[in-house]
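Q: Handing you this structure, nothing more for now.
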Amino acid sequence: MRTKLLALVCCCLVFRALPAAAQPKPGAEHDALKKFEGTWDATVAFMGHESKGTAVYKLGLGGFWLTLDFQGEFGGQKFEGRGVTGYDAAKKKYVTCWVDSMSTSLSLMEGEFGKDDKTYTESGEGPGQDGKPMKMKSVYDFKDDSTIIFTMYGVVDGKDQEMMKITYKRKK
């Protein structure tokens, strides 16, 4: 028992002695995600129909991860989705994970901001309408501080086919 206690104390002292610089800190790439932060009214255009929703973006988890909580309606059914986006320093790209109440599959995307920081584009794979994996692309156009246009495309035979468009307006 005494040996275990001594080992535990030694481990605690070693971890405490580690320099604070050894722990990563959010950088400029993480700060770029702040433009998403806030509560947004969403107008969704999907397959000739329009619906409404609310999106709440928060930068958290030590400033590393942007979380999205989306609540709305599609085709008269309640819809909710969750997303997480962060900058992966090893890949030197942003990474996104998305799940929602209308799919049993996960969407994984990688992306980057345009040179002018007015667009954010990501590509990856997620469930298609048939439930099978398909290549996807998403583009966020930052029209101003209070308007974002999000367009999602299915990539079929190397060509982008628009699937959905969401207009986000910042709640005042």
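Q: Which peptide among 157-165, 103-111 comes first, and what is the full order, when sorted by highest mean count of other Cβ atoms within 10 Å?
A: In descending order of packing, they fall as 103-111, 157-165.
Q: Helix 2-17: angle to the longest alpha-carbon principal axis of the chain, degrees 0 to 90, nearest 10?
A: Taking Cα atoms only, the helix is inclined about 60 degrees.
Q: Something else: Calculate the dipole size of the chain relative to its Cα centre from +1 charges on Lys and Arg beta carbons and -1 charges on Asp and Glu beta carbons; express the result in debye to the nearest 20.
A: Roughly 800 debye for the chain.
Q: Please go through the stretch 109-146 and write out the trypsin sites (Lys or Arg not before Pro) that DSSP classes as loop and that have at most 10 other C-beta atoms within 10 Å.
A: Passing both the DSSP loop test and the Cβ count: K115.
Q: Given (i) -0.21, -0.50, -0.60, -1.09; (ii) -0.32, -0.61, -0.69, -1.08; (iii) -0.27, -0.60, -0.70, -1.10 as candidate values of log10 I(q)/I(0) by the Debye sum over Cα atoms at q = 0.08, 0.12, 0.13, 0.17 Å⁻¹, which corresponds to the one derived from the coordinates?
A: From the options (i) -0.21, -0.50, -0.60, -1.09; (ii) -0.32, -0.61, -0.69, -1.08; (iii) -0.27, -0.60, -0.70, -1.10, the structure gives (ii).
Q: Less than 16 Å from a label point 7 Å out along the Cα-to-Cβ axis of Q161: which backbone N atoms in the stretch 118-135 qualify, by residue?
A: Residues passing the 16 Å test: 126-135.
Q: I've got another one for you. With a 10 Å Cβ neighbour count serving as the proxy for reagent exposure, in which order, fewest first, do M47, M152 appear?
A: Lowest count first: M47, M152.
Q: What spacing in nm lies between the two simple spin-label points modelled at K135 and C97, each 7 Å away from Cα in the Cβ direction?
A: Simple spin-label model gives 2.5 nm for this pair.
Q: What number, rounded to the nearest 500 deg cm²/dmol, is the helix-based mean residue ellipticity at 222 nm of the chain, given -39500 (n - 2.57) per DSSP H run of at least four residues and division by all its residues?
A: -3500 deg cm²/dmol
Q: Below 22 Å, Cα to Cα, which lysines can K115 reach? Residues fewer than 8 away in the same chain don't count.
A: K34, K35, K91, K92, K93, K137, K143
Q: If you average the C-alpha positions of the stretch 108-144 and of the stretch 32-68 separately, how far apart do those two centres end up, in angstrom?
A: Answer, in whole Å: 14.
Throughout, read-outs are computed from the coordinates displayed, never taken from laboratory work. Quantities reported herein were computed from a predicted structural model and do not represent experimental measurements. Because the Cβ atoms are built from the backbone with ideal geometry, glycine has one as well, and the counts that use them run over all protein chains shown.
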